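Worksheet for the structure shown next.
We did not get these values from a lab; they are worked out from the coordinates using the rules stated. From a predicted model like this one, the values you see are computed outputs, not experimental measurements. Using ideal geometry, Cβ is built from the backbone for each residue, glycine included, and neighbour counts are taken over all protein chains shown.
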Amino acid sequence: MNKHIVMLPGDGIGQEVSKAAKQVLEAVAERYNHTFTFETHEIGGAAIDSQGTPLPEDTVAACKKSDAILLGAVGGPKWDQLPGHMRPEKGLLGIRKKMGLFANLRPIKGFKQLLHASPLKPEVVEGSDLLIVRELTGGLYFGEPSERRNNGQEVVDTLAYTRSEIERIVDQAFQSAMVRRKHLTSVDKANVLESSRMWREVVEEKKHDYPEVTVDHMLVDAAAMKLITNPASFDVIVTENMFGDILSDEASVLTGSLGMLPSASIRSDGVGLYEPVHGSAPDIAGENKANPLAAILSTAMMLRHSFQMEEEADQVETAVQEVLAAKFHTADLSLENGVKVTGSEMAAKVIEQI
Ligand code: NAI
Ligand code: MG
């Protein structure tokens, strides 16, 4: 198959980990006889420096013509003092919105070699394997009005959803549940918010289309507690934008290894943007210390969701597991009797397995 991929390395270690991810995609193409073509564009701080905007027009145009996008990370202290609309993060929010990527998928799975790195007791985190499906282009972060009023004595933000926006994210979550353990937890605040009551209604309607999936509803505060008391009880969680933002960051620390977590932002036609959960890590940028596995696992999500290449995706994930089982690790992880390697050596080990 021929696929065209836009690379947006961004800032800091984004440059290093996206290089590793590209090499892995090249290795997959070679092994499985695909043709992947690549085109690199600027986003975030790098784009601000050279083009005066975090999201240049040519970056958006290239993404719109691509089959999938791989992003490294954006941001860093150099750009922290800029006004809101000029900050690197605006590039990221902008590209997700402009591409209509309404579903953010964050799988969180503890690797057994790394259980001891969790802030939770190993027996609590063991067996955790969950997917958070977060609505990404609606809700409180985009609702209008969002403004100061009354001479600055009053402020308003708006949590707005259309029924069809809720339906498409709930459908995505049911579809994800169908290829996993077939359990869906819908998280809301239906005791307080009208938007949550409509969200619940939609889930109740949609569940008739997916009779094999068991469904429960949980209030967001209860879900926040259960994520740390019994994370292994979850399979797929679906929730609105802000709740998903908070819960997915909470869940991302469960495994104690930020450098291992991939994510995808997708839409219904399969186009998606794939990126590690971590940021640009200015503290280690340029030192070849960054763990490339989150970016590499993001390519597995790309192969699966955008290209329907299940076997290839499994191959990448298996390669990562094998490298960890052989006790290779970057500086951010500790493995008993492990062999510490650099970021680029880690990528090479994964490619060897592929
Ligand atoms: P961060 O994720 O960049 O770093 C947090 C800590 O984890 C640091 O000590 C870092 O060295 C370590 N770390 C992160 N990824 C690692 C990896 N792959 N290998 C080894 N160690 C790793 O978060 P932080 O420090 O809060 O933010 C730094 C910058 O990144 C900020 O400008 C922030 O706005 C931006 N950021 C960007 C994101 C994105 O592009 N999606 C997400 C989060 C933060
Ligand atoms: Mg967040």
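Quick notes
- When the chain is treated as a Gaussian network with alpha carbon springs shorter than 10 Å, the biggest mean-square fluctuation among Val238, Val320, Val213 belongs to Val213.
- Ranked by how many other Cβ atoms sit within 10 Å of their own Cβ, fewest first, the residues Trp79, Trp199 fall in the order Trp79, Trp199.
- Kyte-Doolittle mean at least 0.5, axial Cα span of 15 Å or more - DSSP H helices of the chain: 293-305
- Rg over Rh for segment 1-158 works out to 1.05, both radii taken from alpha-carbon positions and Rh defined as the Kirkwood radius.
- Charged-residue dipole, Cβ positions (Lys, Arg, Asp, Glu), the chain about Cα centre, Debye nearest 20: 20
- Most mobile listed residue (Asn33, Asn241, Asn104) in the chain, GNM with C-alpha springs under 10 Å: Asn33
- For segment 172-235 versus segment 237-314, the inter-centroid distance based on Cα atoms is 21 Å.
- Dipole magnitude (debye, nearest 20) for segment 103-159, charges at Cβ of Lys, Arg, Asp, Glu: 240
- Normalised contact order of the chain, rounded percent, pairs of Cα under 8 Å and 6 or more residues apart: 21
- Overall form of segment 1-73 per C-alpha gyration tensor (a/c, 1.5; a/b vs b/c): oblate
- Largest mean-square fluctuation among Gly44, Gly279, Gly143, in a Gaussian network model of the chain whose springs join Cα atoms under 10 Å apart, belongs to Gly143.
- Computed with the Debye formula from one identical point scatterer per Cα of the chain, without solvent, the log10 of I(q)/I(0) at q = 0.15 Å⁻¹ comes to -1.40.
- Dimensionless Rg over Rh [segment 119-254; C-alpha; Kirkwood]: 1.02
- Counting charges near Gly270 (Lys, Arg +1; Asp, Glu -1) among other residues having Cβ under 13 Å from its Cβ returns a value of +1.
- Cross-link pairs Lys19/Lys349; Lys109/Lys289; Lys189/Lys226; Lys289/Lys340; Lys3/Lys182; Lys22/Lys340 - those with Cα-Cα distance over 19 Å: Lys109/Lys289; Lys3/Lys182; Lys22/Lys340
- Between Lys327 and Ile246, the FRET efficiency from the beta-carbon distance, with R0 = 41 Å, is close to 0.75.
- Each residue in Leu130, Leu303 was given a count of other beta-carbon atoms within 10 angstrom of its own, and listing them fewest first yields Leu130, Leu303.
- Within segment 225-322, GluC sites (Glu not before Pro) in DSSP loop having at most 15 other beta-carbon neighbours inside 10 Å: Glu287
- Per-residue ellipticity at 222 nm from helix content only, as computed over the chain with -39500 (n - 2.57) for each DSSP H run of at least four residues, stands at -12500 deg cm²/dmol.
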